[in-house]
1. Just checking, which of A:R51, A:R15, A:R32 is out of contact with any strand residue (DSSP E or B) (no Cβ under 9 Å at 6 or more places or on another chain), basic (K, R) and either away from every other protein chain (no Cβ under 13 Å) or open to solvent by 30 Å² or more (accessible area, probe 1.4 Å) (or both)?
2. Which one is most open to solvent (accessible area, probe 1.4 Å), of the residues in the range A:222-246 that are of a type in the set (G, A, S) and over 19 Å from the mean Cα position of the chain (by Cα)?
3. Identify all residues within the range B:130-154 that are at the interface with chain A (Cβ under 10 Å from one of its Cβ atoms) and at pLDDT 90 or above; write none if there are none.
4. Could you check the range A:68-113 and list, in sequence order, the residues that are under 24 Å from A:T134 (Cβ atoms), of a type in the set (G, A, S) and touching a helix residue (DSSP H, G or I) at 6+ places or on another chain (Cβ under 6 Å)?
5. Just for helices (runs of 4 or more DSSP H) wholly inside the range A:182-250: which have at least 1 residues that are in contact with a helix residue (DSSP H, G or I) (Cβ under 9 Å, 6 or more places away or on another chain), among the β-branched types (V, I, T) and over 23 Å from A:E19 (Cα atoms)?
6. Out of the range B:1-46, which residues are outside any helix (DSSP H, G or I), within 12 Å of another protein chain (Cβ to nearest Cβ) and at pLDDT below 85?
7. Within the range A:71-81, track down each residue that is assigned to a loop (DSSP other than H, G, I, E, B) and in contact with a Phe, Trp or Tyr (Cβ under 8 Å, 6 or more places away or on another chain).
8. Where residues in the range B:173-185 are in a helix (DSSP H, G or I) and free of Cβ contacts under 8 Å to residues at least 40 places away in the same chain, which of them is farthest from A:D185 (Cα to Cα)?
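The values are calculated or read from the model by the stated rules, or taken from the named source; none is laboratory data. All figures in this text were calculated on a predicted structure; none of them were measured in a lab. No Cβ is skipped: glycine too gets one built from the backbone with ideal geometry, and neighbour counts run over all protein chains shown. The area values use the complete protein model at the heavy-atom level, side chains included, leaving out ligands, DNA and RNA. Shrake-Rupley method; radii C 1.70, N 1.55, O 1.52, S 1.80 Å.
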Amino acid sequence: MAQSPFDHPLHDWQRRLIETLEQAAELPVDTRGATPFTHHGEVGPGMHLRRYAPQAATGQRPVLIVYSLVNRPFILDLTERRSLIAALTRAGHPVYLLDWGYPKGADRFLDLGDYIDDFLATAAEEVAAREGATADLLGVCQGGVFALCLAALQPQRVHRLVNLVTPVDFHTPGDQLSRMAQGVDFDQAAQTLGNVSAEWLNSVFVALKPYRLLAQRYMELPELADHPEALHDFLRLERWMYDSPDQAATAFAEFGRECYQRNGLLNGTLTLNGRPVRLSAIEQPVLNVYAEQDHLVPPAAARALGAHVGSTDYGELAFPGGHLGVFISRRAHAELLPRIVAWLAE
Amino acid sequence: MASGEAFNHEWILRMGDATPVGVLWRALQADGGSPGPACDTAFQGLRSQLDTTLSGLNAVATSAGATGEDGVDPANETPQWLTPWLQTLARLGPWQHGLERTQGLQIALDRYLHAHVECARILLDSVRAGLDTLEQRLQMAAQDPQRPLPEDYRTLYEWWLTDSEACYEQALASAQWAEAFGRLANATTALVDRYQKQLDAGLRTLDLPNRDDFLDTQRRLVELERSQRRNTPGDELAALRNEVARLRDEVGALRAERTPGHRER
């Protein structure tokens, strides 16, 4: 099996890798998102409410998107072809996105009560005042937890609720993130480290799937040579994965302790500003979307909502894919998003 | 020089040797496509790299000395009898606070090193288990004509990835890993805390603002903003909102008047 290195199959792979790297160097990476928006006020320190205008005047109710604190929301508007936000504006919804921004030094003392009971509530109030109708909330991952809390504590601010890949039971079997969180002293970490570094948190997420995220992902990069659109999408997603804000220390510690360690959202022991959050108090219609191969929010963690929510109008949608697939996969845009849009239009 | 020119024979060889799959692929080729002596040597070489890394880590942990909750290694008798003396000496005299801080920092550093080694050991064991699984898979395929051996680098890579990931995830799912990760996170925090205390004390001696001072100011600021936010009467908020909306309309009207196409009547 004597081969010269230039006959080696690896040789073609490496040559294509170099071509891809050269093409990638020419491409810009924009993290602003594909859909134009206007700023509509500041609801907290560095937290802005964005408005995406509806593309058709159909009189649809406004949708307020509540994104997680962990990453930046441009994954919802990655490209024109793969934009959850654009799918909603095309259906005639004025869409609002609460951009949590990047916490600064003093924000380390902001707690979950500040984030949910104050800033999110203010955003919902602003939307209702501007649009003349209470918004439907679309919560994403941790943002879904925030949306549930608001619906439970201030039901007048939420018309209906769509949750995407949102954990509710933090102690389900197979929840690797939760297992790792059990021994961590979150309060000591918050007190000592201040706002939790995005790099540190990203390294924890990557450590859940290092072979896929650090090895296989780049192994497939050469296949994008001469596919500029796919390469551009890859670069944007790559930027999104690691363009993370630091986490406000107090809120992060509270979320880790009360949700991951004490399972307080499910058990009803989570309190905000002294008031317990009861899922049974949520009576608005709820659509709960979960991903069947989600390694961050296992299906059982999301589906637990059904057994605890007070609403009699509760539905579930299962998506055959992973955590991110819900936002960016072709299948989600072809099959899942139309069903969400249809539910919102009911 | 264009990248194509730089992409030469030597570069390819170096790239191949830099990854375990590159090493194994080259060995598989040398064995004629079916695992033989070259593959045995390659697997042994990769395992011995892991052993070297692990023994280096163990040496660091041993030199750190502390393992137990009390910061003392039961296998090392000298620190065990010396530690109480040192602890007591650190409480005597005018420099006792500084000495206690230094001792605390040393203990925190030792605990961090042990926690780090404990995590690394679990992960290295999973890498070794992945290699073992891949080797068995190759040997079984070589003996079974129904199961084809990898005929290209990509297939071997997929085998390595699947087997290694399965072993890694098994390690991550263990209670041992969850506990080790918790210990490492907490030991890291404790070490940072000790460094902060050292630094704060130095700054205080020089009458410079330290971390405590900054945090105190930030806390007061956030509490003030929170109290203002929550105590603002609803009517006042509504009035402000209306005023902002009115001003926005006014600005919009003014801008419209100043657009080039606009003509005054």
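1. Matching residue, one of A:R51, A:R15, A:R32: A:R15.
2. Step one: list which residues in the range A:222-246 are of a type in the set (G, A, S), which gives A:225, A:230, A:244.
After this cut, where a residue has to be over 19 Å from the mean Cα position of the chain (by Cα) as well, the list is A:225, A:230.
On the way: A:A225: 11, A:A230: 43 Å².
Per the criteria, the residue is A:A230.
3. Taking the range B:130-154 and keeping what is at the interface with chain A (Cβ under 10 Å from one of its Cβ atoms), we get B:130, B:151-154.
Answer for the range B:130-154, where residues must be at the interface with chain A (Cβ under 10 Å from one of its Cβ atoms) and at pLDDT 90 or above: just B:G130.
4. A:S68, A:A87, A:A91
5. Working: elements: A:186-193, A:198-208, A:228-242.
In the range A:182-250, A:186-193, A:198-208 are the helices (runs of 4 or more DSSP H) which contain 1 or more residues that are in contact with a helix residue (DSSP H, G or I) (Cβ under 9 Å, 6 or more places away or on another chain), among the β-branched types (V, I, T) and over 23 Å from A:E19 (Cα atoms).
6. Filtering the range B:1-46 down to residues outside any helix (DSSP H, G or I) leaves B:1-2, B:7-8, B:18-19, B:31-36.
From the residues that got through so far, the ones that are within 12 Å of another protein chain (Cβ to nearest Cβ) too are B:2, B:7-8, B:18-19, B:31-34, B:36.
Selection gives B:A2, B:F7, B:N8, B:A18, B:T19.
7. Kept after step one, since they are assigned to a loop (DSSP other than H, G, I, E, B), are these residues of the range A:71-81: A:71-72, A:78-81.
A:N71, A:R72, A:L78 - these are the residues of the range A:71-81 that are assigned to a loop (DSSP other than H, G, I, E, B) and in contact with a Phe, Trp or Tyr (Cβ under 8 Å, 6 or more places away or on another chain).
8. Narrowing the range B:173-185 to residues in a helix (DSSP H, G or I): B:175-185.
Pick out the ones that are also free of Cβ contacts under 8 Å to residues at least 40 places away in the same chain and you get B:175, B:178-179, B:182, B:185.
Details: B:A175: 17, B:A178: 13, B:E179: 12, B:G182: 8, B:A185: 8 Å.
Of everything passing the filter in the range B:173-185, B:A175 is farthest from A:D185 (Cα to Cα).
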